[in-house]
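The values are calculated or read from the model by the stated rules, or taken from the named source; none is laboratory data. Please read all numbers here as calculations on a predicted model, not as lab measurements. All Cβ positions, even for glycine, are placed from backbone atoms using ideal geometry, and neighbour counts span all protein chains on display.
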Amino acid sequence: MRTGKKPAHLAMTGAKAPRQLMWEAIRTLANSDVALTTYNVSRRSGQDDEAVRDYLRALGHASITQQVKAMGRDALWELLTDEGAEAPRVNKRGERQPPEAVECIWRALRIMGTLSAAEAVEQAAAGGAAISEHSARVYLQGLVLAGYVTREGGIPGKPGRFTLVSGRNSGPLHPIYQRCNYEQIYDPNLDRVVWVKGQQPDPAELSGLRIEVARLRKLLAELKSARPLVLYGDAWIKEIEDALGESSEVQA
């Protein structure tokens, strides 16, 4: 059955989820001279008008935003509570939602370095999310296939332990194991599909280098776009370009 929801690697833009982009646009507009309207949030975030309207309404039910005036298909909004950089997790009724279980598992892997499927369930529960041991094992095994973790054990009497590979800690966002429409791993930290079914993962050292190059290129793009606001920005840009072997003339 088709839900109309895009796969993560198509829905996310620049390693950010749609609601995160909407929330950043809401906060920016709320602190500017530009009206905080559905239309302006949509244009600034690059998201569909209907999706923006639904999120603003959900935030309204959570008393985070408030509609000031309806203007046909558009509306003027007020931000009542700025909850910080991370987009509030709310459903359409404004009810707070826990983080995804796999997000908790990935966070635990980054902190602890190694865990079993049973421990992954416990870590998810500690974060307020529920997941079965089987589902936790499936996610961890997906990370094995993509070369993010190694597996040891997994025989009767010796539960498998999954260990994060050195150099594969790509960032705070959890790699997404897409198994419905795609058999692949999408890493939002790198904003790309890093493994597809039938593909052998890169050796750990090569994977680490790829991640570091991707991180530097992302940082370079951010520095270039923010240069007027960044102290010594040109020097940093030159240093990163030299490291990547992509030196170019710095534009004034």
Open item on the list: Being in a helix (DSSP H, G or I) and in the same structural domain as Arg192 (by TED's automatic domain parsing) is true for just one of Arg53, Arg27, Arg110, Arg43. Which residue is that?
Closed with: Arg110
TODO: State yes or no: is Ala118 surrounded by fewer than 18 Cβ atoms within 10 Å (Cβ to Cβ) and under 30 Å from Ile64 (Cβ atoms)?
DONE: no
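Could you say whether any residue in the stretch 62-85 is under 30 Å from Ser170 (Cβ atoms) and either loosely packed, with under 12 Cβ neighbours inside 10 Å or touching a Gly at 6+ places or on another chain (Cβ under 9 Å) (or both)?
Of all residues in the stretch 62-85, those under 30 Å from Ser170 (Cβ atoms) come to 82-85.
Remaining after also requiring either loosely packed, with under 12 Cβ neighbours inside 10 Å or touching a Gly at 6+ places or on another chain (Cβ under 9 Å) (or both): 84-85.
The answer is yes; a qualifying residue exists.
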TODO: Please find, within the stretch 167-184, the residue that is modelled with the lowest pLDDT out of those that are under 13 Å from Gly142 (Cα atoms) and in contact with a strand residue (DSSP E or B) (Cβ under 6 Å, 6 or more places away or on another chain).
DONE: Gln178
Task: Count - residues of the stretch 86-126 that are within 18 Å of Leu56 (Cβ to Cβ) and either of a type outside the set (Asp, Glu) or modelled with pLDDT under 95 (or both) - done: 11
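Please go through the stretch 134-167 and give me each residue that is of a type in the set (A, V, I, L, M) and part of a loop (DSSP other than H, G, I, E, B), ordered by number.
The first filter runs over the stretch 134-167 and keeps only residues of a type in the set (A, V, I, L, M), leaving 136, 138, 140, 143-146, 149, 155, 164-165.
Ala146, Val165, listed by residue number.
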Task: Odd one out for Ala129, checked against (1) at pLDDT 95 or above; (2) in a loop (DSSP other than H, G, I, E, B); (3) more than 30 Å from Ser32 (Cβ to Cβ) - done: (1)
